[in-house]
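Input: a single structure, listed below in structure tokens.
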Amino acid sequence: MEEASPTQSIENFEIIRPLGRGGYSDVFHVKSIETNEEFALKVIKRNKPAQALNRVKNEISIQMKLEHPNIVKLHTSFEDSSFIYLLLEYCSGGELHSYIKQKERLSESETRRLCKQIINGIDLLHSKGIFHRDLKLGNVLLNKNKTIAKIGDFGLAIEIEGDDEMRRTICGTPNYISPEAASRKPYGLASDIWAFGCIVYACLVGKPPFDCPEVKQTLNKVKNLDYSIPDYLSQNAKDLIAQLLSPDPWKRLSTSQIMSHPFFNNNSIPKLQIKTDYCNRDYYEGDTSPLIKTGKARTGTDTKNGSRASIAHSTRTTQSSEGENMPLKYDQSQQVRRSLQLESIQPLSLYNLDPFVHTLNNGYIEITNQGSIKVYIAKRLLEVSSDGQVIFYQGKRYTLKTMPRSAQKLYLYASNCVDVIRKHSVQNSFDSQYI
Ligand code: ATP
């Protein structure tokens with residue numbers, strides 16, 4: 001296959017244990033003998049029918065292009081005379097399906113936290129014209145702490161030309177299939193939104209809305225929109241589900257509408273807002289303050305202590321006439337401070353921080369499972385090792401001393417984020433995935 005890596009081979013990995021078996025593959029937890037890094041290795045026999053091999057080729061070509069904290073990363077693929085191998089990011093928390101089974105159902109706040117990430121992943125796919133076609137609880141994988149959700153299994157995914165391009169081949173899993181696909185009508189990206197609706201429902205209720213022992217029965221229920229929403233769900237949750245499971249695909253919410261739906265914007269949780277005007281020139285050049293601040297006011301609920309508390313934060317702000325916190329304007333003293341700071345950057349340390357993802361309007365910040373921090377803003381990616389000494393910027397490796405100025409700014413940003421995460425124990429005190 002054209003994407004296969006010539007430099008990897010199965011000899012480079014130690015198999016730790018089998019993770020599971022799919023319809024056409026076996027997946028193993030493996031460790032690189034050279035680096036000790038852990039991965040999931042998907043192994044496919046080559047003696048499969050051409051259709052199955054095409055599916056693998058398609059999966060590789062699509063997943064290889066995707067880089068997002070809520071999408072399982074495909075690092076590389078390689079092959080030998082008997083097998084094709086896909087080297088994937090290892091998601092040690094297993095499938096969302098098993099997690100829900102174990103907990104029976106999730107609370108609204110946990111559903112909000114995980115589903116917000118799933119919709120962020122879907123948003124990226126749809127923005128690139130990628131139609132997943134098999135979104136379900138079993139294809140959402142979790143990190144060890146079950147706080148980060150990642151979309152996986154791109155075996156049925158396809159690239160489409162425009163938002164309204166339609167497909168006819170019936171595929172996917174009956175429990176998550178949209179009424180238009182079940183009725184063999186043309187279907188498009190809105191079918192992924194339907195499947196997302198089934199996922200939200202399944203998180204909150206414990207099983208998908210049209211779940212039946214018989215496939216035919218399930219499909220009939222889907223076509224007749226035969227499902228019920230339990231009374232114990234909040235009005236926001238009920239409304240979101242109803243709008244996602246609209247029988248008319250054109251009436252289903254878009255990814256951006258979903259993200260701004262009240263279910264995902266529950267004001268009882270303090271908002272952690274990471275300034276997204278980072279790339280605004282005034283701010284970018286002049287402001288050296290930490291870039292995370294609390295919501296409009298300086299107060300928020302300290303969920304640890306269960307009380308309304310003033311959250312001290314070191315973001316330099318000024319009060320506007322409406323009393324809102326505003327970033328200070330650029331001035332010369334800041335410029336001087338900025339240049340001094342750039343010359344004496346201290347290495348950041350990610351010691352003892354759990355994986356963390358926060359999505360921005362134009363990118364994201366991620367503390368990865370491997371303990372590095374990634375900052376992706378306005379199409380620029382900086383990754384810093386856990387000790388702060390090794391820096392990858394736009395695909396090149398640097399040290400603290402050799403990194404270019406534009407990387408230094410992102411480095412400072414990352415460093416400030418780490419400080420604020422530590423200071424406010426973001427991961428423990430708040431719903432840190434709340435975006
Ligand atoms: P399907 O027939 O559902 O399309 P498949 O052959 O594509 O299956 P997967 O469903 O992707 O295979 O994976 C099979 C098993 O391996 C699943 O139980 C899944 O949880 C596990 N698995 C797959 N990828 C990973 C990963 N990156 N990290 C951890 N476990 C994984």
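No other residue among PHE83, PHE78, PHE28, PHE39 is farther than 28 Å from LYS374 by Cα and aromatic (Phe, Trp, Tyr) apart from PHE83. The number of residues in the stretch 135-150 that are surrounded by 23 or more Cβ atoms within 10 Å (Cβ to Cβ), more than 15 Å from TYR176 (Cα to Cα) and either in the same structural domain as GLN63 (by TED's automatic domain parsing) or away from the ligand (no atom under 11 Å from the Cβ) (or both) comes to 2. With respect to the conditions (1) surrounded by fewer than 17 Cβ atoms within 10 Å (Cβ to Cβ); (2) on the phi < 0 side of the Ramachandran plot, PHE78 falls short on a single one, namely (1). Of the set (1) crowded, with 19+ Cβ neighbours inside 10 Å; (2) in contact with a Phe, Trp or Tyr (Cβ under 9 Å, 6 or more places away or on another chain); (3) within 30 Å of SER260 (Cα to Cα), all apply to GLU108 but (1).
Does TYR393 satisfy the criteria of being crowded, with 20+ Cβ neighbours inside 10 Å, modelled with pLDDT under 90 and outside the structural domain of ASN70 (by TED's automatic domain parsing)? Outline the logic, then answer.
Numbers: crowded, with 20+ Cβ neighbours inside 10 Å: yes; modelled with pLDDT under 90: no; outside the structural domain of ASN70 (by TED's automatic domain parsing): yes.
No.
Checked against the criterion of being in contact with a Phe, Trp or Tyr (Cβ under 8 Å, 6 or more places away or on another chain), charged (D, E, K, R) and surrounded by 20 or more Cβ atoms within 10 Å (Cβ to Cβ), the stretch 56-65 contains one or more residues that satisfy it.
Where in the stretch 351-425 are there strands (runs of 3 or more DSSP E), lying wholly inside it, with at least 3 residues that are within 19 Å of the chain's Cα centre (by Cα)? First the steps, then the outcome.
On the way: elements: 356-360, 363-367, 373-377, 380-384, 391-393, 396-398.
Counting at least 3 such residues, we get 356-360, 363-367, 373-377, 380-384.
Only one of the listed residues (LEU253, LEU189, LEU225, LEU233) is in the same structural domain as ARG105 (by TED's automatic domain parsing) and either in contact with a Pro (Cβ under 8 Å, 6 or more places away or on another chain) or among the small types (Gly, Ala, Ser) (or both). That residue is LEU225. Residues in the stretch 373-390 that are surrounded by 19 or more Cβ atoms within 10 Å (Cβ to Cβ) and of a type outside the set (D, E, K, R): ILE373, VAL375, TYR376, ILE377, LEU382, VAL384, GLY388.
Conditions (1) surrounded by 12 or more Cβ atoms within 10 Å (Cβ to Cβ); (2) out of contact with any helix residue (DSSP H, G or I) (no Cβ under 9 Å at 6 or more places or on another chain); (3) not assigned by TED's automatic domain parsing to the domain that holds ILE84, marked per residue:
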| residue | (1), (2), (3) |
| --- | --- |
| ILE15 | yes, yes, no |
| GLY20 | yes, yes, no |
| VAL27 | yes, yes, no |
| SER32 | yes, no, no |
| GLU37 | yes, yes, no |
| ALA40 | yes, yes, no |
| VAL43 | yes, no, no |
| ASN47 | no, yes, no |
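Based on what the data block shows, is TYR364 among the hydroxyl-bearing types (Ser, Thr, Tyr), farther than 30 Å from ARG113 by Cα and surrounded by 13 or more Cβ atoms within 10 Å (Cβ to Cβ)? Criteria not met by TYR364. Within the stretch 203-250, being of a type in the set (S, T, N, Q), out of contact with any helix residue (DSSP H, G or I) (no Cβ under 7 Å at 6 or more places or on another chain) and loosely packed, with under 15 Cβ neighbours inside 10 Å holds for GLN217, ASN220, ASN224, SER228, GLN235.
The values are calculated or read from the model by the stated rules, or taken from the named source; none is laboratory data. The model shown is predicted, which means the values in this text are computed figures rather than measured ones. All Cβ positions, glycine included, derive from the backbone under ideal geometry; neighbour counts span all protein chains shown.
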